[in-house]
1. So if I check each of THR33, THR20, which one is hydroxyl-bearing (Ser, Thr, Tyr) and either surrounded by 14 or more Cβ atoms within 10 Å (Cβ to Cβ) or farther than 16 Å from GLN134 by Cα (or both)?
2. If we only count helices (runs of 4 or more DSSP H) wholly inside the range 76-190, which ones have 2 or more residues that are of a type outside the set (A, V, I, L, M, F, W, C)?
3. Examine the range 172-187 for a residue that is hydroxyl-bearing (Ser, Thr, Tyr) and either modelled with pLDDT under 95 or within 16 Å of the ligand (Cβ to nearest atom) (or both), and state whether such a residue exists.
4. What number of residues within the range 4-44 satisfy the criterion of being charged (D, E, K, R) and in a helix (DSSP H, G or I)?
5. Which residue is nearest to the ligand (Cβ to nearest atom), if the candidates are limited to the range 122-143 and must be crowded, with 21+ Cβ neighbours inside 10 Å and not small (Gly, Ala, Ser)?
6. Pairs only if they're at least six apart or on different chains, beta carbon under 6 angstrom, first in the range 146-158 and closer than 14 Å to ARG99 by Cβ and without any contact (Cβ under 8 Å) to a residue 24 or more places away in the chain, second crowded, with 20+ Cβ neighbours inside 10 Å and not polar (S, T, N, Q); list them, first residue then second.
7. Search the range 12-31 for residues that are within 16 Å of the ligand (Cβ to nearest atom) and pair each with any residue that is at pLDDT 95 or above and part of a helix (DSSP H, G or I) when their beta-carbon atoms are under 6 Å apart and the residues are at least 6 apart or on different chains.
8. I'd like to check something: does the range 144-155 contain any residue that is within 13 Å of the ligand (Cβ to nearest atom) and not β-branched (Val, Ile, Thr)?
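The values are calculated or read from the model by the stated rules, or taken from the named source; none is laboratory data. If you're wondering where the values come from, they're calculated on a predicted model, not measured in any experiment. When we count neighbours, we look across all protein chains shown, and the Cβ atoms used for this are built from the backbone with ideal geometry, even at glycine.
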Amino acid sequence: MLSLAALDTRISVPTRQLTTPGPDAATLQRMLTTAVRVPDHGKRVPFRLLHISGDARTALADAAQARLLEREPNAGDGVITKLRARFTAPPMTIAVIARLGFDEKIPVSERASTASCVCLLLLQAAQAEGFGAQWLTGWPAYDRQFLENVLGLEEDEQLTGTIAIGTSQVEAPERDRPDLNALISDWNPG
Ligand SMILES: Cc1cc2nc3c(=O)[nH]c(=O)nc-3n(C[C@H](O)[C@H](O)[C@H](O)COP(=O)(O)O)c2cc1C
């Protein structure tokens, strides 16, 4: 049974605090099965996933660093270290890619929403299996050169986010949560 108490424990672990072990193949498969069970208008399945682990993490960090230095030739060591850690600290990253090509009926925004739902469910699935996780974007999610030449996205695809997954080294930091009562009001006709 779905438990609200369990859902209420959802919290992100900063990526630099994620370490080994990550999920094994069977556990990852289980988590991803949960993550792809998303609401999907028109059953378009408007997303795909990239699995980044092992040596691919370092290769991706190298490519991201090279692109960063093209974008910002004077980027400091701190910025470079932080960028590399995003890909090398967690044992595994799943990139969630939205497929947003022409569609007669389902707007791009709805298909992007479906891909976002995959990200959220993957965060929850990771936590349910005892792992920490975090959803990241930043410039790598919007730099078309990085997306297409390094990650291999098509022109009509977007990176909805990368989900870093690993074992949390720390208790995840809590933050203020939205005040529900300030966000909801009754709609009244005219
Ligand atoms: C679409 C999206 C992109 C995000 N990108 C980043 C990011 O690039 N860097 C970052 O520090 N946090 C990013 N976050 C925020 C974290 O994933 C996380 O939500 C935040 O640290 C708050 O923690 P919480 O999930 O426990 O509320 C992003 C969140 C979303 C929804």
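1. Of THR33, THR20, the one residue that is hydroxyl-bearing (Ser, Thr, Tyr) and either surrounded by 14 or more Cβ atoms within 10 Å (Cβ to Cβ) or farther than 16 Å from GLN134 by Cα (or both) is THR33.
2. Here the list reads 77-88, 108-128.
3. No, the range 172-187 contains no residue that is hydroxyl-bearing (Ser, Thr, Tyr) and either modelled with pLDDT under 95 or within 16 Å of the ligand (Cβ to nearest atom) (or both).
4. Within the range 4-44, residues that are charged (D, E, K, R) and in a helix (DSSP H, G or I) number 3.
5. It comes out as GLN134.
6. LEU147/LEU153; LEU147/LEU159
7. Within 6 Å, the pairs are THR15/ARG86; ARG16/ALA85.
8. No: zero hits.
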